[in-house]
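Read through the structure below, which is laid out as structure tokens, and then see the notes.
Only the coordinates and a few stated rules stand behind these numbers; no lab work does. Source: prediction; values computed, not measured. Cβ placement follows ideal geometry from the backbone for every residue including glycine, while neighbour counts extend to all protein chains displayed.
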Amino acid sequence: MFKLIIKNLWSRRKRNGWLLAELMLVTVVAWVIIDPLVMAVVVKTTPYGYDTDRLVDISMGSYSYGMSGYDESQTDSASMAENAMRIYNRLKSNPQIESVTRKTYTGLGGTSYSSNSFKVDTVYIMSRTISFTRGDNYFTTHGIKSLPGSPSAEELSTMSYASPGECVITESLAKLMFPSVPNPIGHYLNENIEDFQPDEWDFKVVGVVEDVRPDPFQSVALTIFSPREALPLD
């Protein structure tokens, strides 16, 4: 039977050769053109998970020597921080502005971020970590929504975060890290490590929010929101 199949294939080798060439061409086209196109469409149509329509990203800078408006007496770090904070407070008190928050270099809408890996069973899951200033209306300003069983976005925006390791995670990360846990609040992201002993610097989940797309060029990322103390504006 096997010899008969080989004989038939060999007798039709020209026809089968063209068929093989066509299959290879279709594979190359699908791999090089269609696959990236599909991924681009998926990324483009995936919601950001936060309110981009009404969000304004403001950058502040200082005058350089020789520019109109340059004031040498205001160039020390204390004066620059004071002036930046004055602008920040003016924005917060503006009745046309609902909410203001300070953004770090790993903020939403940018491509800079730090990453962490956590073990689940025998595999490691990579996550993106975004820092935010605690008590600074971060989640309400961005319009990020919390999930049932988690503190509200308003509570997450104003809570003190008792230990340095307390964090907020996105829904997809919660499902991957705690597949059998109905509510991951109070659990640690690295608790699956053998002989794990909780420490105040470990990632302890205190809130879960809807998925976000931090990078405009990528789809939804597994994200950790890590609070930090307010740094002086420069």
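Nearest 5 is fine: what % of DSSP beta bridges in the chain come out antiparallel, could you say? Don't jump to the answer; show the numbers that get you there.
Working: 11 of 22 bridges.
The answer is about 50 percent antiparallel.
So how do Val181, Val206 line up by other beta-carbon neighbours within 10 Å, fewest first?
On the way: Val181 13, Val206 21.
So the ranking, lowest neighbour count to highest, is Val181, Val206.
With Cβ to Cβ distances under 14 Å as the rule, what net charge do the other residues near Leu91 carry (K, R +1; D, E -1)?
Values: positive: Arg86, Arg90, Lys92, Arg102, Lys103; negative: Asp57, Glu98, Asp136.
After counting each charged neighbour, the total is +2.
Lysine pairs, Cα distance under 23 Å, 8 or more residues apart or cross-chain: how many in the chain?
11
Just checking my list (1) 17.0, 54; (2) 26.0, 94; (3) 16.5, 48 against Rg and Dmax of the Cα atoms in Å computed from this structure; which label fits?
Read-out taken from this structure: (2).
Determine the sum of side-chain charges near Gly207: Lys and Arg each +1, Asp and Glu each -1, restricted to other residues whose C-beta is under 13 angstrom from that of Gly207.
Taking every Cβ under 13 Å from that of Gly207, the sum is -2.
In what order do Glu194, Glu22 fall by count of nearby beta-carbon atoms within 10 Å, going from fewest to most?
Glu194, Glu22
If each residue of separation counts as 0.36 nm, what is the full-extension length gain between Ser68 and Met80 once their alpha-carbon separation is subtracted? The partial results should precede the final answer.
Values: separation 12, 0.36 × 12 = 4.32 nm, distance 1.68 nm.
Fully extending the segment from Ser68 to Met80 adds 2.6 nm.
Could you work out the local net charge near Met177, counting Lys and Arg as +1, Asp and Glu as -1, over the other residues with Cβ closer than 10 Å to its Cβ?
Details: positive: Lys119, Lys175; negative: Glu191.
So the surrounding residues net to +1.
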